[in-house]
Amino acid sequence: MSDLSKTLILLLLFALLLDLDAFELRKGQKTERISGSAGDVLEDDPVGRLKVFVYELPSKYNKKILQKDPRCLNHMFAAEIYMHRFLLSSPVRTLNPEEADWFYTPVYTTCDLTPNGLPLPFKSPRMMRSAIQLISSNWPYWNRTEGADHFFIVPHDFGACFHYQEEKAIERGILPLLQRATLVQTFGQKNHVCLKEGSITVPPYAPPQKMQSHLIPPSVPRSIFVYFRGLFYDVGNDPEGGYYARGARAAVWENFKDNPLFDISTEHPTTYYEDMQRAVFCLCPLGWAPWSPRLVEAVIFGCIPVIIADDIVLPFADAIPWEDIGVYVDEKDVPNLDTILTSIPTEVILRKQRLLANPSMKQAMLFPHPAQPGDAFHQILNGLARKLPHDKSVYLRKGEKVLNWTAGPLADLKPW
Amino acid sequence: MKLQALQQSYFNRGRSNSFRNQSPLDSSIDGATTAANKSPASIFWLILHCLCCLISLVLGFRFSRLVFYFLFSTSSINNLYTATTTDIAETLSFTTSINNIRSFSPPVVNTTVASRVVVGRHGIRIRPWPHPDPVEVMKAHKIIEAVQREQRVQYGIKSPKTLIVITPTYVRTFQALHLTGLMHTLMNLPYDVVWIVVEAGGATNETAALLAKSKLEIKHIGFEKKMPIFWEARHKMESQMRLRALRVVREEKLDGIVMFADDSNMHSLELFDEIQNVEWIGAVSVGILAHSSHSDEDPFEVHRSMDEEDEKKSPLPVQGPACNSSDRLVGWHTFNSLIYKGTNANYIGDMAIVLPRKLEWSGFVMNSRLVWKEAEFRPDWIKDLDLVVAGDGDDDIESPLSLVKDSSMVEPLGSCGKKVMLWWLRAEARADSKFPSGWIIDPPLEMTVPAKRTPWGDAPPELPSNTQKVVSSTTQENTEKRATKTRTPKSRRSSRGKRKHESRNTDARVSARNSGERINL
């Protein structure tokens, strides 16, 4: 009896201790849990919630392209390649297509690089079309749903519109064959032609090791108020100004170039990453496209992102409550940026920093190699899992056709 | 960032600028037709483009086609109707004020919501006075302060201990200089400070007045003996004063970290953050600034006289812990005083190098519990304070190492002594130099330059008489010596040390001139 009572007392004490610990943690906590509109889903494990079948395409669609230009592994569009590698060895992969919920087509459309290292999108629609023709003729799963349970990764500037220039991209629209598929892309803007309903927005690829190697101790005091490095005017392509970034970056420069609180310039310092860790706010204005790796860098380095891009859709918008983490500023309010930023209450700023310090937040923005739990790969899979189970309308009746295989500019219809 | 380079390279590859400039006008037209067909409108625009190029050639600068656009804007509204529902905005000016946006809204055909974000040229918005607002700058600084405070709470020292600073001092010319510096350093710390100031010659009001300017908690203790003139004796007395302060810590059971801050030393704020890490007794590296202020010698001469051996033995001016490669304490760096033997200063104010002792007190910090009476608070490798100092503090101990039985237990701080965060310096005036008490000039000085309007009327300047000449010459003699006697029996003022010779002479002359008419102010 006495033994039993002793163990009971010990258990009680233990529980008390744990409770005290938890209490203390809550008081002086460094981070805060992140839950977006879909709930507290950042740390979900997709394994067991979905099955993905990876089509075996001939290597001319993926391996050969990469062999031709290995620079594709390091630029900001590299997510498509790393996602393919991740899926090949992931536990969600299934070799039996009958039980798959989602189908993945590994085609590297953003790997045709100029000598400068920038991807040309002119052949991408043909490449994609050719890949889809292949999978629709060799497997029955495409025709079963006309692509509604297939997903594609299109990390280019304007996603599946396959053009770097916004007007051209809008004019082209999303590739007609991808009308029913789920698109995983970096571009996101509300009510824009190139963002279709049900797409998953992801962050651009940023090299994780490079950023980790530039970390400084968190006790270094943050003394820069606002930090930005980049172009304000794109003199080569927009000499008159007002076109690039819809005039927002130029407005930032003209209004704040002599303001001591704003550390902004076009220089390329070697201490760029370290400086971001010493800043309270980091500007993330749009450029030729609304998204940029600056957002990822700001999150990794704990600098509150100031997002100046009207109607932008940020990565994993349903899992991450970006309004609580970053500061949205309308482009028309840029001249009042200093008033806006200084009028944010201190508690709000400290809370944002706590949210940013959450390691699961930082993990969700990265594409590490090898993959780690909670990283961007897993968030993509979580997003796909949240779309399950498929609606009945996804499966077409026999002989029913929705897609128009001859739609689009004539040049796209040529074989690749 | 990279996106711009992307665009740049595209255009460098041959897609000319004209493509981009035409696009707001062209794309809508091309949208309706495929690239293969050329509509009359596109041919028209091509001709217009050529015309503009010719005009630009003639004019010598780039001729904006916007002019044509506005000329024909009314007729071309219909031409701009597109299948897509995007609007195109044009602006008139984009430099100074808020722009005017002219938007064309074609009748909406599809049911999709039109995006409020328009593609095209926008104005660059600049507010009327684009300069920093001081109120906002202040607010931003408050924000930064709050952020840094939070950072310190989270990543800095978890529970900062009280700092017990022990400083021996005494009233002298340079006291205000040194003590003010130390006081301001301590006032800048984010930690609680208890400052024990031990004053040789008893606690004086002058020092108390100086200390009262700070808002620190100060224990002002008088030490009954006067500070001796010779450096050797002075070092000994300082040790005794520090022991007296340690006794106070012991009696009052002050809790915290004890550090020895000499008033003439210079401390960096990082030092105080670093010593919070000490557990029992720690040592930091002290930079030794032992320099002669004597400028009579030719500095180049000194260099030539130092031969090769002395160069090699020339000391790194640092005293502190020495570590091996695995960061464990193996010994001590001390200042090599041998090369200065015989040329160092003997008494305060001597114009020669003042040497430190082997290991200065200021390089050590310890947990205050080491000096408490009860033995259970301290580890057993610490000797009790009373046992070390026999009697009433007649003997002195050279450095806190005497308190420690096993000196390998001393913790090296500041990345194992590699970082020097405080500097030892001894700069003093001669012991008999005079200075205004409290550095308040009271009663005010005599005037040195006669004003145009004097309160005693416009009497013409008198020629100095013979007797007065004698007085002035003696005063001039006296300026050679530091201390001078009073000039007239009436004035009780004594001249202060180190005043400029010129002003002294004019002073003497003026005072001689006006001696008959002087009014005591």
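The values are calculated or read from the model by the stated rules, or taken from the named source; none is laboratory data. Just so we're clear, the structure is a prediction, and the values are computed from it rather than from any experiment. Reconstructed Cβ throughout: ideal geometry from the backbone, glycine too, with neighbour counts over all protein chains shown.
Structure data summary
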{"item": "Failed condition for A:Gly173, given (1) within 23 Å of the chain's Cα centre (by Cα); (2) crowded, with 21+ Cβ neighbours inside 10 Å; (3) within 16 Å of A:Leu413 (Cβ to Cβ)", "result": "(2)"}
{"item": "Selection status of A:Pro305, in contact with a strand residue (DSSP E or B) (Cβ under 7 Å, 6 or more places away or on another chain) and at pLDDT 95 or above", "result": "yes"}
{"item": "Residue identified as among the aromatic types (Phe, Trp, Tyr), surrounded by 24 or more Cβ atoms within 10 Å (Cβ to Cβ) and in the same structural domain as A:Asp338 (by TED's automatic domain parsing) among A:Phe281, A:Phe256", "result": "A:Phe281"}
{"item": "Filtered residue count, region B:229-262, keeping only those that are surrounded by 20 or more Cβ atoms within 10 Å (Cβ to Cβ) and among the aromatic types (Phe, Trp, Tyr)", "result": "2"}
{"item": "Residues (of a type outside the set (D, E, K, R) and either within 21 Å of the chain's Cα centre (by Cα) or closer than 18 Å to B:Leu316 by Cα (or both)) located in region B:413-426", "result": "B:Gly414, B:Ser415, B:Cys416, B:Gly417, B:Val420, B:Met421, B:Leu422, B:Trp423, B:Trp424, B:Leu425"}
{"item": "Exclusive hit being exposed (fewer than 15 other Cβ atoms within 10 Å of the Cβ), β-branched (Val, Ile, Thr), within 30 Å of A:Ile340 (Cα to Cα) and within 14 Å of chain A (Cβ to nearest Cβ), set B:Val137, B:Val147, B:Val153", "result": "B:Val153"}
{"item": "The lone exception for B:Glu251 - which of (1) assigned to a loop (DSSP other than H, G, I, E, B); (2) out of contact with any Ser or Thr (no Cβ under 7 Å at 6 or more places or on another chain); (3) charged (D, E, K, R) it fails", "result": "(1)"}
{"item": "Hey, B:His220 surrounded by 15 or more Cβ atoms within 10 Å (Cβ to Cβ), more than 14 Å from chain A (Cβ to nearest Cβ) and touching a strand residue (DSSP E or B) at 6+ places or on another chain (Cβ under 8 Å) or not", "result": "yes"}
{"item": "Counted residues, region A:348-370 - those being more than 9 Å from chain B (Cβ to nearest Cβ) and more than 24 Å from the chain's Cα centre (by Cα)", "result": "1"}
{"item": "Given (1) in a helix (DSSP H, G or I); (2) without any contact (Cβ under 8 Å) to a residue 12 or more places away in the chain, number of the condition B:Gly181 does not satisfy", "result": "(2)"}
{"item": "Positions within region A:215-237 being in contact with a Phe, Trp or Tyr (Cβ under 8 Å, 6 or more places away or on another chain), crowded, with 18+ Cβ neighbours inside 10 Å and more than 7 Å from every other protein chain (Cβ to nearest Cβ), in sequence order", "result": "A:Val226, A:Tyr227, A:Phe228, A:Arg229, A:Phe232, A:Tyr233"}
{"item": "Among (1) facing chain B (nearest Cβ under 9 Å); (2) out of contact with any Lys or Arg (no Cβ under 9 Å at 6 or more places or on another chain); (3) assigned to a helix (DSSP H, G or I), the one test that A:Glu274 misses", "result": "(1)"}
{"item": "Flag for A:Ile320 being out of contact with any Pro (no Cβ under 9 Å at 6 or more places or on another chain) and within 12 Å of another protein chain (Cβ to nearest Cβ)", "result": "no"}
{"item": "Inter-residue pairs, beta-carbon under 6 Å, first acidic (Asp, Glu) and in region B:233-259, second modelled with pLDDT under 90, 6+ apart", "result": "B:Asp255/B:Ser368"}
{"item": "Among (1) surrounded by 18 or more Cβ atoms within 10 Å (Cβ to Cβ); (2) away from chain B (no Cβ under 13 Å) - the single one A:Lys210 does not satisfy", "result": "(1)"}
